[in-house]
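This report concerns only the one structure given below.
The values are calculated or read from the model by the stated rules, or taken from the named source; none is laboratory data. Being a predicted model, the structure only gives us computed values, none of them experimental. All Cβ positions, glycine included, derive from the backbone under ideal geometry; neighbour counts span all protein chains shown. Only protein heavy atoms, including side chains, enter the accessible area calculation; ligands, DNA and RNA are left aside. Shrake-Rupley method; radii C 1.70, N 1.55, O 1.52, S 1.80 Å.
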Amino acid sequence: MAWAVIGYVTVLLLVRFRLGGGAALDRLVNHTGLWSIATLLIYRCASTPTLDDPANQLAMGGVLMTATYQYSIGRLVGADAEPDTVWRRQRTAALLALAAAALVILTATSVTYTGRSVDLRLAGVGLGIGCVFAATYNTFVLTRICLGPLRDADTRRAARIVCIALIGCNTVLCAALALWLSQSATGWPDGPQLSLVQAAFTSWVAINATLHAMPLVAELVLRAGMDRATRTCRRLSPLWGDLTAAVPQIVMPVDTRHGSDPATRLLRMTVEIRDAMLHLGPYLPPETDDTQRTTARKPESDRELTDYAHRLIQAARARKAGLPPTNTNAPPAMPMAAHDFDTELAHLIDLARIWPQAKTAAESADRTACGASPIHGSR
């Protein structure tokens, strides 16, 4: 499993470096991934599952370094700390972790030089207490940070899943290290527990890498144009194009700072469609029996909206052709009233859904009328 996790985290890091991102959180996540890969590779170099092996001694330092970066991520995300303060504390914690790792290696080397084993009970407690303390403190801090969103009733389901997974994976690592400490201090259960620590750390790295990849997936979805705002813009594009072609002056200039943001683009398209419909209100023809017959086959819920789409197409053509308005009264409203943005957007999506069929029906009616005209017959 370790080699699969190493490849998985490496691919995620390569994609993160490719997409860029120099924010404090991005740098912390990248450093966490690098230390995780380094620690797992060091574990792969160990020939025995005991602390007599220098590779396992180095790996303990890697576990400590990874825990410090995970703690800094939790502080930056959950505690709303300043990035400069988080990085300053992270540098201090990293120096302490490196000093602890160096002390472990020097002590183990000294013990081995005298011909004794590092895996004595007293030595095991001394070497394990640092990792246990770091994991316990890390788990406690992240749990306290994640409990806030879990208590909030407005927290989304995805955010709740992330918080629960963060608490769970850090608790697993803490439990494995605590079990190792118990075995070193009491001799129970029998057998080396360092392999369990390695397996728990590997699982911990895989889970955390997956959680850290969620914003990465969101960025890839955004760049691929598969996010919700971009897909909604594509659905509204035919409606928006026909209406703004009839009323071009209502198209707002694109803001170079936020013009490429899908949410901003969606808001702008919604406002422009609504403005175009208001401008076309005086050009709307009155409802006729012929229009009612045209929409009689539609479901009852779509009848008024389809009628409005047919009349709006005629109004857009009339204004584009330069004809005078036919209705000088107040501009007619949409068939369904909207009191908030989400409701209005839902109404516009419904209108955009039937817009191509209404436009095709209008073009077919024009061809039929043109074919039945006397001028066309004389030709």
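Before moving on, here are some points about what is shown:
- Residue within segment 48-56 that is open to solvent by 20 Å² or more (accessible area, probe 1.4 Å), part of a helix (DSSP H, G or I) and among the polar types (S, T, N, Q) present: no
- Pair list, Cβ < 7 Å and 6+ apart or interchain, from segment 243-267 residues that are within 21 Å of residue 341 (Cβ to Cβ) to residues that are at pLDDT 85 or above and of a type in the set (Ser, Thr, Tyr): 250/244; 251/244; 258/264; 262/230; 266/232
- Evaluation of residue 108 against the conditions (1) open to solvent by 70 Å² or more (accessible area, probe 1.4 Å); (2) part of a helix (DSSP H, G or I); (3) in contact with an Asp or Glu (Cβ under 9 Å, 6 or more places away or on another chain) shows that the sole unmet condition is (1).
- Cβ pairs under 6 Å, 6+ apart, first in segment 36-49 and more than 19 Å from residue 206 (Cβ to Cβ), second small (Gly, Ala, Ser): 45/55; 46/55; 49/195
- Identification of helices (runs of 4 or more DSSP H) wholly contained in segment 242-349 with 1 or more residues that are on the phi > 0 side of the Ramachandran plot and at pLDDT 85 or above yields no element.
- Taken together, the residues in segment 14-36 that are of a type outside the set (Gly, Ala, Ser) and surrounded by 20 or more Cβ atoms within 10 Å (Cβ to Cβ) amount to 4.
- Failed condition for residue 45, given (1) open to solvent by less than 10 Å² (accessible area, probe 1.4 Å); (2) among the hydrophobic types (A, V, I, L, M, F, W, C); (3) within 30 Å of residue 114 (Cα to Cα): (1)
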